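Peer 1: Attaching a single structure in structure tokens format; questions to follow.
The values are calculated or read from the model by the stated rules, or taken from the named source; none is laboratory data. Note that the structure is a prediction, hence the values are computed from the model and not measured. So basically every Cβ, Gly included, is an ideal-geometry build from the backbone, and we count neighbours across all protein chains shown.
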Amino acid sequence: MAEKGLFIVFEGIDGCGKTTQVSKLVDWIFSTYKKVDSIVLTREPSQSTFTKEIHERLSLKNSNPAAASKERLLELFVLDREEHVDKIITPSLNKNAVVICDRYKYSTIAYQAAQGIPMAHAIDENDSFPIPDMVLIFNATPETCVERMNKSGKEMDAFEKTAFLEKVRANYIKLPALLPKETFHVINANQSIDQIHLDVIKVIRPLVERLVK
Ligand code: TYD
């Protein structure tokens, strides 16, 4: 456990439904635990000095491999994370908040490795960041995810192609074995929104109970 607060991370390929689940979890925590007075909902890429360049590189019109540059993206996501941890995550945990982060270092490890960066190198580059109390990996097939994104009319970026997402998904599934000291739980995200929410609560409830007791 983090010494103070509770640090929860949501991970998964684009369109896996994690953003919907983040807001359902926030509602559930507030309505169930009157003692929790601060939930910090945050995400990566965050709002930092590096956000603009990250989004430019990810946008569809810059999707040629040179523009997407895996080495530069690796560097940018780590720099963005340093600012995010210093300005938001660590200060919030120190105030005993529940911090829920939509993507974190596991996105860099899964996505930039899918671009061709060795996984061990991506892991090393992210070695110094605080370790979450729980990392939920939303595991859904790329077909389901792409269909969800099409339905929502979401503009696709360079990474939202089925073959690429399959590689990212495979990398996510390798993470628990590669990082045995960190706490993961894989959620079946091909289910209905309500069933996924129930699965999330089952994992998170004991952690919140420990925080408020
Ligand atoms: P996200 O904010 O989830 O996408 P959207 O803007 O569509 O809601 O993240 C943008 C993309 O960046 C997504 O495809 C995942 C990718 N990404 C990485 O490749 N590495 C990282 O470290 C992070 C945080 C995101």
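Peer 1: Show the residue pairs that are 6+ apart or on different chains and have beta-carbon atoms under 9 Å apart, the first residue being within the range 27-52 and aliphatic (A, V, I, L, M), the second being surrounded by 14 or more Cβ atoms within 10 Å (Cβ to Cβ) and assigned to a loop (DSSP other than H, G, I, E, B).
Peer 2: From the range 27-52, the pairs are 29/36; 36/97; 39/97; 40/5; 40/97.
Per-residue answers, yes or no, for (1) surrounded by 15 or more Cβ atoms within 10 Å (Cβ to Cβ); (2) outside any helix (DSSP H, G or I); (3) in contact with a Lys or Arg (Cβ under 9 Å, 6 or more places away or on another chain); (4) of a type outside the set (Ser, Thr, Tyr):
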| site | (1), (2), (3), (4) |
| --- | --- |
| 112 | yes, no, yes, yes |
| 121 | no, no, no, yes |
| 129 | yes, yes, yes, yes |
| 143 | no, no, no, yes |
| 147 | no, no, no, yes |
| 172 | yes, no, no, no |
| 182 | yes, yes, no, yes |
| 186 | yes, yes, no, yes |
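Peer 1: Which of the residues that make up the range 79-108 are within 11 Å of the chain's Cα centre (by Cα) and in a helix (DSSP H, G or I)?
Peer 2: To start, the set of residues in the range 79-108 that are within 11 Å of the chain's Cα centre (by Cα) comprises 100-108.
Correct list: 105, 106, 107, 108.
Peer 1: Filter the range 94-110 down to residues that are among the charged types (D, E, K, R) and either crowded, with 21+ Cβ neighbours inside 10 Å or more than 10 Å from the ligand (Cβ to nearest atom) (or both) and give me whichever is farthest from residue 207 (Cα to Cα). Spell out how you get there, then give the answer.
Peer 2: Restricting attention to the range 94-110, the residues satisfying the condition of being among the charged types (D, E, K, R) are 95, 102-103, 105.
Filter once more, so that each one left must be either crowded, with 21+ Cβ neighbours inside 10 Å or more than 10 Å from the ligand (Cβ to nearest atom) (or both): 95, 103, 105.
Numbers: 95: 17, 103: 19, 105: 21 Å.
Here the answer is 105.
Peer 1: In the range 84-93, what count of residues is obtained for those that are within 13 Å of the ligand (Cβ to nearest atom) and more than 16 Å from residue 131 (Cβ to Cβ)?
Peer 2: 0
Peer 1: Restricting attention to the range 200-213, which residues are closer than 13 Å to residue 24 by Cβ and crowded, with 19+ Cβ neighbours inside 10 Å?
Peer 2: So in the range 200-213, the residues closer than 13 Å to residue 24 by Cβ come out as 200-201, 204.
Once the filter is applied, which keeps residues that are closer than 13 Å to residue 24 by Cβ and crowded, with 19+ Cβ neighbours inside 10 Å, the range 200-213 yields 200, 204.
Peer 1: Of everything in the range 57-68 that's surrounded by 11 or more Cβ atoms within 10 Å (Cβ to Cβ) and more than 12 Å from the ligand (Cβ to nearest atom), which residue is modelled with the highest pLDDT?
Peer 2: Among those that are surrounded by 11 or more Cβ atoms within 10 Å (Cβ to Cβ) and more than 12 Å from the ligand (Cβ to nearest atom), it is 67.
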